[in-house]
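**Q** Here it is, the structure in full.
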Amino acid sequence: MLLFLLGRILRLLTLLVAVSVLSFLLLELSPIDPVRAYVGADMLKVGPEQWAKIAEYWGLDQPLPERFARWGMAILRGDFGVSMIFRRPVLAVIGERFLASLALMLTAWVFSGVFGFALGVLAGMKQGTWTDRLIKWYCLTLASTPLFWLALLMLLTFAVWLSWFPIGLGVPAGVPTYEVTLSDRLYHLLLPALTLSITGVAGVALHTRQKLVEVLQSDYVLFARARGESGLQVLLRHGLRNIALPVTTLQFASFSELFGGSILAEQVFSYPGLGQAAVQAGLRGDVPLLLGVVAFSALFVFAGNLAAELLYWLIDPRLRPKGDACEQR
Amino acid sequence: MKKEAVTTLLEVSDLSITFTQYISGLRQRTIRAIINLSVNINHGEVLAIVGASGSGKSLLAHAILGILPGNACVDGKMVYAGELLTPARQAALRGREIALIPQSVNFLDPLMRVGAQVRSGIFNGNSTALQREIFDRYHLAVGTEQLFPFQLSGGMARRVLVATAAVGSARLIIADEPTPGLHPMIVRETLAHLRELSATGSAVMLITHDISAALETADRIAVFYAGTTVETAPASDFCGDGELLRHPYSKALWQALPQNGFQPIDGSQPSIDNLPCGCLFAPRCSLASRDCLTTVPELRSLRGGETRCHHAA
Ligand code: SF4
C-alpha cells in the first residue's frame, strides 16, 4: 500500500513537471505577448522604452530555460505569481474561482451520477425491451450532442424564453457581495449545473447499463437464478454489488470530462468559475494565471483518478492482501 | 443403499431447444441445440448423462430449471413428480426442490462471502444454523463462511458448491460437470458426496463427459450425442467388449477408454448447422445402411434400456 502511494506521488510529480514544461513551451510558441496583456488598454500611452522596461521587470528578456527555471523555483516556494488581468496573486484567483467551479461541478457530478445510475440500471434490467431502447436512444443522442450547443439551447429555452433562470453570472448583477444569499447562488448555479450533468447522465447510464448486462449474463447470476432467486433479488444481491465498483470508479475517473465540460458551460453562462478564468487567461495572454490553472486542473484530474484507484483497493476483496478474511474470525 | 419403490421423479420426453440468433441486422437463423431428447430419472437414483464436452448437455440442466436465455425456444414435455413442469412451477421449485451443482467457482458471486451465498439458498428455518451444519458436514472449517470465492482452494470450492445444493432438501439435484479437470482425489470425494445425496433419497442427475466418473457413480447411464440421447442403459451394461450395449456410439465410447483398448472413433460430431437427415450417427457408423441415412430412428425400449438405432438388437 505504501509502495503504491509512493508510486502515485512520483507519478503525480512527473505529470506536473511534464504538464508545466509543455504548457510553457506552447505559450512560448503562441502569439501571446504577456507585456501587451499587462499593459492592456493603456497600450497607446506606453512607449517602446517603457515596453522594454516592463519586459525586463517581468524577466521576459531572459532566455526560455532561465525563465522556466525561475518560474519553477517560485512555484516550489508556493508562489504562483501575480495574475496580469486580475492584478491579484494567481493562487487567490484560482482558489476563489475553484470554489465556484467546484459547486457547479459537484452538483453536476452528483446529479449525473444518481440519475445516470438509475437510468442505466433500469435499461439493463429491461434489456432488449422498448424501455431499454428508449433510454439508449436518449443517451446516445445526448452523448453526441456538443455541450456548447446544448448549453446555448438550455440558456435560450429556460433563461431567455421561459425566464425560469437567470441568464448568466454566479450572483445577481448590481447586488453587493454581502447581500448575496445562498439561494441566490443556488439559483444561478442550477441551470449551468443541469446542463453540465445532462451529457454526464448519458455516459454514466450507458456504462451502468453495459456493466449490468455483463453481470446479468454471468455464470454466477445464472446460478443465483438456479437457486431460486427472482429478478429483483438477483439485482439487489448480485447486480448492484458487482456494478457498484466499476461504476463509481468511472465516476471518479470522469473528473477530466467534467472539468472540460465546465469550461464550456461556464463560458456560455458567464459563470465566474475556474474554466471561465482559464479562457480569459488564454485569450488575454495572462501567462501566470494560465500556467496556474493548467497545473491545478492536472492536480484535480489526478485526484479523481487516485480516488478511483483507492476505492478499488479498499472495496474489492480480490485486491486486498490474501488471507485477511480468514483472520477476521 | 436405501431404495424406495422405483418411481419416476422427472420424465423428459421429446425435448427440443432451439435458439434464434440474429446474424447481420434482421436476418435470423435458428440453431437446434437439443433434438427430441427423452430421459427419465427415478427417486434415489444417480443417472449420468454422458457425452462429449461442448455438446450442449448443460442446456438440458438449464431447461429443467427453466433458466435458459430469452432467445431459447423449448418444445416437448417435462413431468416432475406427476405434474407438468410449467415455467411457473419451475420458478417455484428452483433452488427448493430442484437444485444445481455448477461446474466451477465462477458460478459464485465473486464479491459475496460464500457463507452468505449458501444461506441464500435456504428458504425456511434458521439459515445460519443450517449453513454451519452443512459446512460442518462437508468438513469446511468455521472460518470458511467468511471467505470470498477466490480464496477457496480447489477442494474447498467443490465442497462449497455441493453444499449449496445439499443445504436445502432438494429432491432432484443436477450436477453439471461437477469434476472438470480436478485432482483425482477431489473427483472421488465429490462423486462420493453425490452418492451420499442419492442415498438420502434425492435423485441425482450427473452431467459429465467423463465416462469413468459416470460408471463409478451412476445407476444408469444415458449417452448423449449431437443433441439427443442415443441410449439409456444400466451402468452394469458397460462391461466386457460392450456387447451388452445397444447403440454403436455407446460401444465406440466404451471401446475408446484406455482400459478397453483405446480405439478412438473416426470423425467428429456433426455440427448443429448441418445435421444429417437420417440417424445423427450415420456418418460415423460402421453399421449404417440405406435406411439409416434417410429415416431418423425412434427411441425404443430394448433389454431393460432404451436406444435410438435401427439395427440394435
Ligand atoms: S441407426 Fe444405423 S447409423 Fe444409426 S446408429 Fe444405428 S446402425 Fe448406425
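The values are calculated or read from the model by the stated rules, or taken from the named source; none is laboratory data. These numbers come from a predicted model, not from an experiment. Cβ coordinates were reconstructed from backbone atoms using ideal geometry, including for glycine residues, and neighbour counts include every protein chain displayed. Surface accessibility is based on the protein's heavy atoms, side chains included, excluding ligands, DNA and RNA. Shrake-Rupley method; radii C 1.70, N 1.55, O 1.52, S 1.80 Å.
**Q** How big is the accessible area of A:F148 in square angstrom, nearest 10, if you roll a 1.4 angstrom probe over the protein chains?
**A** Approximately 100 Å² for this residue.
**Q** How large is ³J(HN,Hα) for each residue in the stretch A:288-298, as worked out from phi by the Karplus curve 6.51 cos²θ - 1.76 cosθ + 1.60 (θ = phi - 60°), to whole Hz, x for Gly and Pro?
**A** Along the stretch A:288-298, the couplings run x, 5, 4, 4, x, 4, 4, 4, 5, 5, 4 Hz.
**Q** Continuing with the same structure: For B:T200, project a label point 7 Å along Cα to C-beta. Then give me every residue of the stretch B:144-170 with its amide nitrogen under 20 Å of that point.
**A** B:144-145, B:156-170
**Q** Let me ask you something else. Is the C-alpha gyration tensor of the stretch B:117-223 telling us rounded, prolate or oblate? Criteria: a/c under 1.5 is rounded; beyond that, a/b larger than b/c is prolate, otherwise oblate. Spell out each step's value before the answer.
**A** On the way: a/c = 2.30, a/b = 1.40, b/c = 1.64.
Oblate, since a/c reaches 1.5 and b/c is not below a/b.
**Q** If r is the Cβ-Cβ distance from B:T128 to A:V110 and R0 is 30 Å, what FRET efficiency results, to the nearest 0.05?
**A** On the way: r = 38 Å, r/R0 = 1.26.
Calculated transfer efficiency: 0.20.
**Q** Continuing with the same structure: For B:I34, which sequence-distant residues (separation of 5 or more, or a different chain) have an amide H within less than 5 Å of its own amide H, given hydrogens modelled in the peptide plane?
**A** Those lying under 5 Å, H to H, from B:I34 are B:I17.
**Q** Could I ask something else about it? From the phi of every residue in the stretch B:249-261, what ³J(HN,Hα) in whole Hz does the Karplus formula 6.51 cos²θ - 1.76 cosθ + 1.60 yield, where θ is phi - 60° and glycine or proline is x?
**A** Going residue by residue, I get 5, 4, 4, 4, 4, 4, 6, 7, 5, x, 6, 10, x Hz, with x marking Gly and Pro.
**Q** Per residue of the stretch A:91-104, what does 6.51 cos²θ - 1.76 cosθ + 1.60 with θ = phi - 60° give for ³J(HN,Hα)? Whole Hz please, x for Gly and Pro, Karplus curve as stated.
**A** 4, 5, 4, 4, x, 5, 5, 5, 4, 4, 5, 4, 4, 5
**Q** OK, next. If eta is 0.692 mPa s and T is 37 °C, what Stokes-Einstein diffusion coefficient results for the stretch B:144-200, Kirkwood Rh from Cα pairs, in µm²/s?
**A** Working: Rh = 12.1 Å.
It diffuses with D of about 272 µm²/s by this estimate.
**Q** Give the average over all directions of the projected area of the C-alpha convex hull of the stretch B:35-102, one decimal, in nm². Provide the component values of the computation, followed by the final result.
**A** Working: hull surface 21.3 nm².
Computing the convex hull of the Cα atoms and averaging its projections yields 5.3 nm².
**Q** Once the convex hull of the alpha carbons of the protein assembly as shown is built, what does its volume come to per residue, in cubic angstrom? Provide the component values of the computation, followed by the final result.
**A** Numbers: hull volume 153.5 nm³, N = 642.
Output value, Cα hull per residue: 239 Å³.
**Q** Over all pairs of distinct alpha carbons, what does the Kirkwood formula give as the hydrodynamic radius of chain B, in Å?
**A** Details: mean 1/r = 0.0487 Å⁻¹.
Answer for chain B: a Kirkwood hydrodynamic radius of 20.5 Å.
**Q** Let me ask something else. Considering only protein heavy atoms and a 1.4 Å probe, what is the carbon-and-sulfur percentage of the accessible area of the stretch A:96-328?
**A** Working: 7790 of 11130 Å².
For the stretch A:96-328, the apolar C and S fraction of the accessible surface comes to 70 percent.
**Q** Order the following by accessible area, largest value first: B:K77, A:K53. Probe radius 1.4 Å; ligands, DNA and RNA are ignored.
**A** The ordering from most to least exposed comes out as A:K53, B:K77.
**Q** Using r as the Cβ-Cβ distance of B:L26 and A:L6, and R0 as 56 Å, what FRET efficiency do you calculate, to the nearest 0.05?
**A** On the way: r = 56 Å, r/R0 = 1.00.
Approximately 0.50, to the nearest 0.05.
**Q** For every helix of n ≥ 4 consecutive DSSP H residues, a contribution of -39,500 (n - 2.57) applies; sum these over the protein assembly as shown, divide by its total residues, and give [θ] at 222 nm rounded to the nearest 500 deg cm²/dmol. Present the calculation step by step, with values, prior to reporting the outcome.
**A** Working: 24 runs with 316 residues, N = 642.
For the protein assembly as shown, the value works out to -15500 deg cm²/dmol.
**Q** Something else about it: Mind checking the log10 I(q)/I(0) for the stretch A:96-328 at q = 0.10, 0.12, 0.14 Å⁻¹? Debye, one equal scatterer per Cα, no solvent, two decimals.
**A** Each listed q corresponds, in turn, to -0.58, -0.78, -0.97.
**Q** Just to be sure I understand the interface: list residues from the stretch A:204-244 that lose 50 Å² or more of accessible area between the chain on its own and the complete protein assembly, 1.4 Å probe.
**A** So the qualifying set is A:D219, A:Y220, A:L222, A:F223, A:R225, A:A226, A:R227, A:R241.
**Q** Also, quick follow-up: What nm distance separates the two modelled labels at A:L152 and B:T18, each placed 7 Å from Cα along Cα→Cβ?
**A** Each label point is offset 7 Å from its Cα along the Cβ direction, giving 5.5 nm.
**Q** Also: In Å², and per residue, what accessible area does chain B have when probed at 1.4 Å with the other protein chains present?
**A** Values: 13640 Å² over 313 residues.
On a per-residue basis, 44 Å².
**Q** Against the longest principal axis of chain B, how steep is helix B:127-137, in degrees 0 to 90 to the nearest 10, with axes from Cα atoms?
**A** It is inclined by approximately 70 degrees.
**Q** If a/c stays under 1.5 just call it rounded; otherwise compare a/b with b/c (prolate if a/b is bigger, oblate if not). Do that for the stretch B:249-313, with a ≥ b ≥ c from the square roots of the Cα gyration tensor eigenvalues.
**A** Numbers: a/c = 2.06, a/b = 1.20, b/c = 1.73.
Oblate is the answer for the stretch B:249-313, as a/c is 1.5 or above yet b/c matches or exceeds a/b.
**Q** I'd like the interface area for chains A and B: accessible area of each alone minus the complex, both sides summed, 1.4 Å probe, protein heavy atoms only. What is it in Å² to the nearest 100?
**A** Working: alone 19230 and 14870 Å², together 31540 Å².
Using a 1.4 Å probe on protein heavy atoms, the buried area is about 2600 Å².
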